[in-house]
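*Asks:* Below: one structure in structure tokens.
Every read-out reported here was derived from the displayed coordinates using simple, explicitly stated rules and does not represent laboratory data. Just so we're clear, the structure is a prediction, and the values are computed from it rather than from any experiment. Counting neighbours? That spans all protein chains shown, and the Cβs are built from the backbone with ideal geometry, glycine included.
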Amino acid sequence: MNVFLPNKCSPSDIKVLQLSDLHLMSSIDDQLVGVNTEESFLSVLKLAHEESWPPDLIILTGDLSQDSSTQSYKRLIGHLEKLKTPCYVLPGNHDTPNTLKQLFSNSPVSYQPFLHYREWMFAFLNTEVPGEEGGALYDVEINNLREEINAHPDKNVLICLHHQLIPVGSKWLDTMAVSNPEALIEIIETYPAVRGVIHGHVHQSFNSNIENTPLFSAPSTCFQFKPNSKEFAIDKLPPGYRWLRLSAQGDISTDIIRLKEAPLNLDQDSAGY
Ligand SMILES: [Fe+2]
């Protein structure tokens, strides 16, 4: 099922892949929860090539690395450069924003606050709080976002961040959401130009909305968390990605594509990572 086939897409649609929570490690042989995160990421990329190619943009919504190592980031850049597609990253709680700024500074792999692309504007927010698993929004970024929206009133806006803005229903995971979502929620509620929000962090597909603005998360490219779980629990669903079609009029179509099987040695009884 190639969701981007011309008969399903208008030429003015923007085709986006969201990849999230890669958790790559400093060594290519390292594993997490029984999963070689690099192999799993490459399998998801291969699937995307088979099912949803070519996208116009790829957005990676954080936790690119598990250990924030230069080695993991450099290998990731190498993988992404081969795709010949513009890629935009933002930091997760396992990443270091300053390292991303230094390393992801050259097209086609960039970390930047905004992207203007045809009728859309993409905002890439940083919610990383040093030393914490939970996230927070920074006043300077919220103010910049408001200014950017005001300066480009004709653009549809997609807000991209790592941490969830609203609870996803898992008690342990929702202690690690954005701790101060109010200002961004107010922007979402106030500006009709904001057409959607995408995030990572929750290692599962979650759909909701704020007022009438849809909000989506993506599965992880390695291991998944069980939805509606009180405590940390691994789900046996396979890794995958989200695709989004953004129409020039501001509508969003989206779905999840997953591998056929979960990673072979996935540790379903893991108590954490
Ligand atoms: Fe993650």
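*Asks:* Hey, which lysines would be in cross-link range of Lys226, C-alpha to C-alpha under 28 Å, not counting anything within fewer than 8 residues on its own chain?
*Replies:* Straight-distance partners of Lys226: Lys46, Lys171, Lys236, Lys260.
*Asks:* Next up: Restricting everything to alpha-carbon atoms, can you work out Rg to Rh for the chain with a Kirkwood hydrodynamic radius?
*Replies:* 0.93
*Asks:* Please find the FRET efficiency linking Thr190 to Asp255, where r is the Cβ-Cβ separation and R0 is fixed at 45 Å, and quote it to the nearest 0.05.
*Replies:* 0.95
*Asks:* Something else: Please give me, ordered by residue number, the GluC sites (Glu not before Pro) of region 167-218 that lie in loop per DSSP and have at most 11 other Cβ atoms within 10 Å.
*Replies:* Glu211
*Asks:* Continuing with this model, one more query. Using the beta-carbon distance between Ile28 and Ser179 and R0 = 35 Å, what value does 1/(1 + (r/R0)^6) give for FRET efficiency, to the nearest 0.05?
*Replies:* That gives a FRET efficiency of 0.50.
*Asks:* For Leu76, what is the net charge nearby, where nearby means another residue's Cβ is under 13 Å from its Cβ and Lys, Arg count +1, Asp, Glu -1?
*Replies:* Value of the local net charge: -3.
*Asks:* With an 8 Å cut-off on Cα pairs and a minimum separation of 6 or more residues, tell me the relative contact order of the chain in percent.
*Replies:* It comes to 21 percent, rounded to a whole number.
*Asks:* For a footprinting-style exposure proxy, rank Met25, Met121 by other Cβ within 10 Å, fewest first.
*Replies:* Sorted ascending by nearby Cβ count, the order is Met25, Met121.
*Asks:* Let me ask something else. Test of understanding: ordering Phe225, Phe41, Phe114 by Cβ neighbours within 10 Å, fewest first, what list do you get?
*Replies:* Fewest to most other Cβ atoms nearby, the residues stand as Phe114, Phe225, Phe41.
*Asks:* Further question: Which order do the peptides 136-147, 195-206 come out in when sorted by mean C-beta neighbours inside 10 angstrom, highest first?
*Replies:* In descending order of packing, they fall as 195-206, 136-147.
*Asks:* Can you sort Asp255, Asp13 so the residue with the fewest Cβ neighbours within 10 Å comes first?
*Replies:* Lowest to highest Cβ neighbour count: Asp255, Asp13.
*Asks:* Summing -39500 (n - 2.57) over the DSSP H runs of n ≥ 4 in the chain and dividing by its residue number, what mean residue ellipticity at 222 nm do you reach, to the nearest 500 deg cm²/dmol?
*Replies:* -6500 deg cm²/dmol
*Asks:* Separation between the Ser12 and Asn212 pseudo-spin-labels, each 7 Å from Cα along Cα→Cβ, expressed in nm?
*Replies:* It works out to 2.0 nm between the two label points.
*Asks:* While we're on this one: Dipole size in debye (nearest 20) for the chain around its Cα centre, Lys and Arg Cβ +1, Asp and Glu Cβ -1?
*Replies:* Its charge dipole is roughly 760 debye.
*Asks:* How about Lys82: which aspartates and glutamates have a C-alpha closer than 18 Å to its C-alpha, ignoring those fewer than 8 places off in the same chain?
*Replies:* The qualifying aspartates and glutamates are Glu38, Glu39, Glu50, Glu51, Asp56.
*Asks:* Shifting gears a bit: Convert each backbone phi in region 90-102 into a coupling constant with the Karplus relation 6.51 cos²θ - 1.76 cosθ + 1.60 (shift: θ = phi - 60°), then list the ³J(HN,Hα) values in order as whole Hz, x for Gly and Pro.
*Replies:* Each residue of region 90-102 in turn: 9, x, x, 5, 8, 9, 10, x, 5, 5, 4, 4, 6 Hz.
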